[in-house]
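One structure below.
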Amino acid sequence: MKPALKYWIFLLAIVNLIFGVIMASVIGSWFNLSDFERDFVHDIAGKILPFPVLGAFVLVGAIGALVSLLFKYYIIPILQLAEETQLITKANPEHRIAPRGARELVYLTEVINASAEAFAQLKTEVEEKISAARADLDEERRRLAALMSELPAGVLVCNRDGQILLYNDQAHKLLQGPRTREQDGEAVGGLVGLGRSVFGVLNRDPIVHALELLQGALDQGQVLSSSAFMMTLETGRCLRVNMAPVLAGRSEGREISGFVLTLEDISGQIAADTRRDMLIQALTDNVQLALGEIRRAITTILGDPQLHPEQLKENRVTIDRASRELQQQLAEARENYARHLHDLSKVEYVLAENLLDILRKNIGERFGIAVRGDAPRGLWLRLDSYSLVQAVSHLAGLLRSHNNLGAFGIHIADRGAGRALMTIGWPEACLDHGFIRDWVRSPLVTDAQGKLLSFSDVVRRHGGELEIEATAAQACHEVRIDLPADPRAGSRMSASTPRSRPVYYEFDLFRQRGPQDLGRQPLRKLTYVVFDTETTGLRPAEGDEIIQIGAVRVVNGRILAGETIDQLIDPRRPVPPDSVKIHGIDPKLLHGQPTIEQILPLFHRFAEGAVLVAHNAAFDMRFLQLKERQSGVRFANPVLDTLLLSSVIHAHQESHSLDQVARLLNLTIVGRHTALGDALVTAEVLLKLIPLLEARGIHTLEDAFEACIKSPYAKLSF
């Protein structure tokens, strides 16, 4: 009950009591008088009654003033003192209460502030000890992040219900949905996120089937290994998926509490295999046709020794043409197969200057040969650096036996058009052309199938060409190697290199189940999507539109800074100058941005299975609801309003604006009146409010809804 209502009830009760006592006294006295006395009193009543009535009113005024002073200096300050004391103990230990009210309450406030200082100091000491105790755990987590980020495969860890507990950046990139031209360059929510369902991005049936197989093996006492299967995404990308179980414990009758998925993109391998099969089929058909023509011509010649010269010539021409075609087809097949092997080979991008340094160091340490050379800065080569280093080092080892080797040079030059030229020379040594030819053809390394490859094979697999320079006397002084280069590789690799290791995990979700029966789940364990909008105005029903939406996910009490939406929206209408003064968004920036019909489905998927949270949520939700039909989505998520929650906890505070609530909770607002900035501070407000709600017995989502309904701010509408 609000203090103002209590005040009037208390005052009316006193008024009724005073006048009731007076009336009861008058009536009781009247009935105890004789008839004569009653006549006498009746005659003088007009002279004596005004004074008791006036005295009663004076008494009521005096008591009312005393009650007002009591409420002003005692009741209201005590209630505010209780709220702010709870704020110190539950959410903001740095908060101090401003003295107000009577002298006794001022003294009590000073005692509470002194206790708060001691509490803050004790809390700091405890937090320091906890921080020191968790140092080893944090180090293990950093090692996990380093390991996961460096893995070439995508990794997802899920609980039994398919909620994602961990994912690395490779998995996020593999499972990222298709981006339209309008979305390029904007940060929109991905399909992968902590607490989200893996079945939203991967086909459910193969995963469930693999889980059943693994659980069946566990029930039979068999050794659990892993299960592998292939899967095709909506984008057409083909993945090889390996599933390994995560067990709940080490006792008998263990159950699978989750699973680990490793994802490998095999789209390129499948495409290469398809091209190989087509190549073999075409080669088989062409060879069979050519051999058939040759066979028929030879049969004709052998079957008639006295064959007419013109017919004999015609058959010889046929044999010659068919054999040349066969030779050409085999050469094309060899080239195509080399291209196929090149697609499957583990090539890498290497800076030419780094490759030259490695060659210089390797040859110098192994053979004592000084290497002179040069390479342009910033030139990226695409090759198998290990095979190339081994081949050139092998040549250096062969040349070492020549006493007149002299200088040994390696020069790399940019030829343009995506090609580079590596020249290996020994100008002072005289080597036979056949010697070098044998070197480039000698076995050097093996491929993945165990086949021996020569240096020339390695070069061809890289899409390069090998040229041996020789003089008229068959003396050889240099070898030139044409190699593929990519001038854009440096910028592409720089853009894709993360500033920090983007590994996201929340293993506490192993203990949770899916989003069933959200109302009974603790507020601490829910998944939230906290959002905010910036608009052209304050009247959604009169045509105002959203121009920016920002959102962040909160999982298990953690704000996931890596899972956000920050999107400008083209409202397709003018933005009033008064609105620009508030949010500071230049209307020119909105032209060409996606429309609300394009963005709302993305936001809807981002918020799937979560509780929506906003400050003054009725305003933002009204904008979303008016666009549901146009965008084809419906927001059926539960909604919490931090304004209503604040009014429940701090019922006696004058304001519940986002700035005032943040100030009470000792939070700093960065990016005020930007959608993502307000969403982030609202998320921090929510996490600070949860312990305050729990102190009032509000533990679940249902409890929060029931409390918000009773707030006087719950009647606001737009």
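Can you go through N637, N616, N666 and tell me which one is of a type outside the set (S, T, Y), out of contact with any helix residue (DSSP H, G or I) (no Cβ under 8 Å at 6 or more places or on another chain) and on the phi > 0 side of the Ramachandran plot? Every option except N666 fails the conditions. Summed over region 682-706, the residues that are open to solvent by 20 Å² or more (accessible area, probe 1.4 Å), among the aliphatic types (A, V, I, L, M) and under 25 Å from the mean Cα position of the chain (by Cα) give a count of 1. Inside region 613-639, can you point out the residues that are touching a strand residue (DSSP E or B) at 6+ places or on another chain (Cβ under 6 Å), surrounded by fewer than 22 Cβ atoms within 10 Å (Cβ to Cβ) and outside any helix (DSSP H, G or I)? N637, P638, V639, listed by residue number.
For region 182-198, the count of residues that are modelled with pLDDT of 85 or more, assigned to a helix (DSSP H, G or I) and not charged (D, E, K, R) is at least one.
Looking only at region 52-60, decide whether some residue is more than 30 Å from V661 (Cα to Cα), touching a residue at least 40 places away in the same chain (Cβ under 8 Å), open to solvent by less than 90 Å² (accessible area, probe 1.4 Å) and assigned to a helix (DSSP H, G or I). Scanning region 52-60, I find at least one residue that is more than 30 Å from V661 (Cα to Cα), touching a residue at least 40 places away in the same chain (Cβ under 8 Å), open to solvent by less than 90 Å² (accessible area, probe 1.4 Å) and assigned to a helix (DSSP H, G or I), so the answer is yes.
Per the conditions (1) modelled with pLDDT under 85; (2) touching a Pro at 6+ places or on another chain (Cβ under 6 Å), the sole criterion not satisfied by V633 is (1). Do we find that E94 is assigned to a helix (DSSP H, G or I) and of a type in the set (D, E) in this structure? Criteria not met by E94.
Listed by first and then second residue, the pairs linking a residue in region 647-668 that is without any contact (Cβ under 8 Å) to a residue 40 or more places away in the chain and assigned to a loop (DSSP other than H, G, I, E, B) to a residue that is surrounded by 14 or more Cβ atoms within 10 Å (Cβ to Cβ) and of a type in the set (A, V, I, L, M, F, W, C), with Cβ atoms under 7 Å apart and 6 or more places separating them unless they lie on different chains, are L667/V681; L667/V685.
Return only the number of the condition from (1) open to solvent by 60 Å² or more (accessible area, probe 1.4 Å); (2) assigned to a helix (DSSP H, G or I); (3) among the charged types (D, E, K, R) that R672 does not satisfy. The one condition R672 does not meet is (2).
Check whether at least one residue in region 124-132 is open to solvent by 100 Å² or more (accessible area, probe 1.4 Å) and part of a helix (DSSP H, G or I), and report yes or no. Give the derivation first.
The first filter runs over region 124-132 and keeps only residues open to solvent by 100 Å² or more (accessible area, probe 1.4 Å), leaving 128-129.
Now restrict to residues that are part of a helix (DSSP H, G or I): 128-129.
Yes, the conditions are met somewhere in region 124-132.
Residues in region 271-312 that are under 24 Å from G236 (Cβ atoms) and open to solvent by 60 Å² or more (accessible area, probe 1.4 Å): T274, R275, R276, D277, M278, Q281. Among residues that are touching a helix residue (DSSP H, G or I) at 6+ places or on another chain (Cβ under 8 Å), open to solvent by 90 Å² or more (accessible area, probe 1.4 Å) and in a helix (DSSP H, G or I), W30 is included. Just one of the listed residues (S25, S68) is more than 30 Å from E694 (Cα to Cα), in contact (Cβ under 8 Å) with a residue 60 or more places away in the chain, in a helix (DSSP H, G or I) and open to solvent by less than 90 Å² (accessible area, probe 1.4 Å), and it is S68.
Checked against the criterion of being open to solvent by 80 Å² or more (accessible area, probe 1.4 Å), touching a residue at least 60 places away in the same chain (Cβ under 8 Å) and outside any helix (DSSP H, G or I), region 3-11 has no qualifying residue. Strands (runs of 3 or more DSSP E) wholly in region 505-604 with at least 3 residues that are within 30 Å of G697 (Cβ to Cβ) and at pLDDT 90 or above - which ones? Per the criteria, 527-535, 546-555.
Do we find that H604 is in contact (Cβ under 8 Å) with a residue 24 or more places away in the chain, open to solvent by 10 Å² or more (accessible area, probe 1.4 Å) and either within 29 Å of E84 (Cα to Cα) or more than 27 Å from the chain's Cα centre (by Cα) (or both) in this structure? Judged against the criteria, H604 is not a match. Does P99 count as open to solvent by 70 Å² or more (accessible area, probe 1.4 Å), modelled with pLDDT of 80 or more and in a loop (DSSP other than H, G, I, E, B)? When the stated conditions are applied, P99 passes them. Entry remark, region 366-385: residues being assigned to a loop (DSSP other than H, G, I, E, B), open to solvent by 30 Å² or more (accessible area, probe 1.4 Å) and modelled with pLDDT of 80 or more number 5 in total.
The values are calculated or read from the model by the stated rules, or taken from the named source; none is laboratory data. Note that the structure is a prediction, hence the values are computed from the model and not measured. Glycine gets a Cβ as well: all are built from the backbone with ideal geometry, and neighbour counts include every protein chain shown. We work out accessible area using only protein heavy atoms, side chains counted, and drop any ligands, DNA or RNA first. Shrake-Rupley method; radii C 1.70, N 1.55, O 1.52, S 1.80 Å.
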